[in-house]
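Peer 1: Structure incoming, see below.
The values are calculated or read from the model by the stated rules, or taken from the named source; none is laboratory data. Since we're looking at a predicted model, the values are computed, not measured. No Cβ is skipped: glycine too gets one built from the backbone with ideal geometry, and neighbour counts run over all protein chains shown.
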Amino acid sequence: MSELSDEERYEATEWLAKMMDQPEVYRADLEAWLSGNETRRTHYKRLVTGLHGSTAGAELTGMRPRSTERAGPWAAFWPGITWRPALTVSAIAIIVAATGYQFARDRSPIASADQPSTTIQTRIGEVRPTRLADGTVVTLDTATEIVVNLASDTRKVELRRGRARFAIADRGTPFKVVEGTSSVVAAAGTFDVSYGNSFTAQVIEGAAEVRLQPAAYFPDRDAPIRLTSGQKLVFTSGQSHPPSAIDARPSDQQWIGGVKKLNDVPIREVIAEANTYSETKIVLADPRLGDKVIFGDLHIRDIDAVAQAIADYLNLEIDRSRPGKLYILAPN
């Protein structure tokens, strides 16, 4: 049996993410990708088994009664394993936590405790998981750069730009993510940190403490802010009010899988996120339309699909005549 190429291993992980999100849509295409290739089928089954056999996979099969179950990414090939639609949002994160180790070994640099620091970057449009030497899985979003420093008594990552998800391995020592003068600390669990026009921390599982410094921003709020599962904190330099924990939208954590289930999200936010994945940028001819909200499923990394969905939603057209721009404007 021949070995899989790096690209095929990458594709297998993508197929698993797609099947966890929309199995009915992708099942036939997956079967076509697997058909006649026993190496691909064996590797895909190994990923599925790793997910189902992990702690997270056990939770997937034990949280809801069988009457609410429906076929998952493996049902067409390995009966008996089921999937709960209520867990779609966290399922993509579970894929990374459960299969990211193998994927990282195949395609990603592994940050080593033997090195004083390791820099890891992604290109525009690239989303990549990496296993660190302590067992933590870091998934870098598009155009992201981190610097990893691991030692026996210290676990620290500097986020220089972009967004990353940290599935923290419990090693008894705090794991610290630093962005400028802000930091997020947790001993275990999963959280996102992003840095662009603002600093955002969001806890997916577990709890974390966020500290904003210098305290001169808000002298009476020097204590760290505790976030628990489903909460986030957003801080923009110069804002007049102190930040606090707020409830995150389910779609906020769906960037890992690519497909976002939007529920009344401002169009300007959707465009801003989609633009980070592409050299081509969506532009609203009338910026005021960005305040309108949109709902539905969007593949946030497909710039053309996002532009078309927004244009259809607003009953507008797309002008593709200018290189690198997708102008959404009223029909002539």
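Peer 1: Of all residues in the range 297-332, which are in a loop (DSSP other than H, G, I, E, B), within 23 Å of the chain's Cα centre (by Cα) and buried (at least 18 other Cβ atoms within 10 Å of the Cβ)?
Peer 2: ILE300, ARG301 - these are the residues of the range 297-332 that are in a loop (DSSP other than H, G, I, E, B), within 23 Å of the chain's Cα centre (by Cα) and buried (at least 18 other Cβ atoms within 10 Å of the Cβ).
Peer 1: Additional query: Which of (1) more than 24 Å from ARG163 (Cβ to Cβ); (2) surrounded by 14 or more Cβ atoms within 10 Å (Cβ to Cβ) does GLY257 not meet, given it meets every other one?
Peer 2: (1)
Peer 1: Could I ask something else about it? Being at pLDDT below 90, among the small types (Gly, Ala, Ser) and part of a loop (DSSP other than H, G, I, E, B) is the filter; apply it to the range 96-132 and report the residue that is nearest to VAL259 (Cα to Cα).
Peer 2: SER108
Peer 1: Quick one: ILE294 ticks every box in (1) surrounded by fewer than 16 Cβ atoms within 10 Å (Cβ to Cβ); (2) at pLDDT below 95 bar one, so which box is it?
Peer 2: ILE294 satisfies every listed condition except (1).
Peer 1: Looking at the range 134-155 only, could you name the residues that are farther than 22 Å from GLY258 by Cα, modelled with pLDDT of 95 or more and not hydrophobic (A, V, I, L, M, F, W, C)?
Peer 2: Listed by number, the list is empty, since nothing qualifies.
Peer 1: Taking only pairs six or more apart or across chains, which ones have beta-carbon atoms under 7 Å, a first residue in the range 275-288 that is in a loop (DSSP other than H, G, I, E, B), and a second residue that is buried (at least 18 other Cβ atoms within 10 Å of the Cβ) and among the aliphatic types (A, V, I, L, M)?
Peer 2: Sorted first by the residue in the range 275-288, then by its partner, the pairs are TYR277/ILE300; TYR277/ILE303; SER278/ILE303; THR280/ILE303; THR280/LEU326; ALA285/ILE328.
Residue by residue, here is whether (1) within 15 Å of LEU233 (Cβ to Cβ); (2) at pLDDT below 95 holds:
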residue: VAL177; (1), (2): yes, no
residue: ASP192; (1), (2): yes, no
residue: TYR195; (1), (2): yes, yes
residue: GLU205; (1), (2): no, yes
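Peer 1: I've got another one for you. Can you tell me which residues in the range 227-268 are in contact with a Gly (Cβ under 8 Å, 6 or more places away or on another chain) and either among the hydrophobic types (A, V, I, L, M, F, W, C) or assigned to a helix (DSSP H, G or I) (or both)?
Peer 2: Result: ALA248, LEU262, ILE267, ARG268.
Peer 1: Tell me, which strands (runs of 3 or more DSSP E) wholly within the range 154-211 include 1 or more residues that are touching a residue at least 60 places away in the same chain (Cβ under 8 Å)?
Peer 2: 155-168, 189-195, 199-205
Peer 1: Would you point out the residue of the range 159-172, among those that are at pLDDT 90 or above and farther than 13 Å from GLY206 by Cα, that is surrounded by the fewest Cβ atoms within 10 Å (Cβ to Cβ)?
Peer 2: ARG161
Peer 1: Please go through the range 23-49 and pick out each residue that is touching a Lys or Arg at 6+ places or on another chain (Cβ under 8 Å) and closer than 16 Å to ARG9 by Cα.
Peer 2: LEU30, TRP33, LEU34, HIS43
Peer 1: Of all residues in the range 233-251 being crowded, with 20+ Cβ neighbours inside 10 Å and of a type outside the set (A, V, I, L, M, F, W, C), which is nearest to the chain's Cα centre (by Cα)?
Peer 2: The qualifying residue nearest to the chain's Cα centre (by Cα) is SER251.
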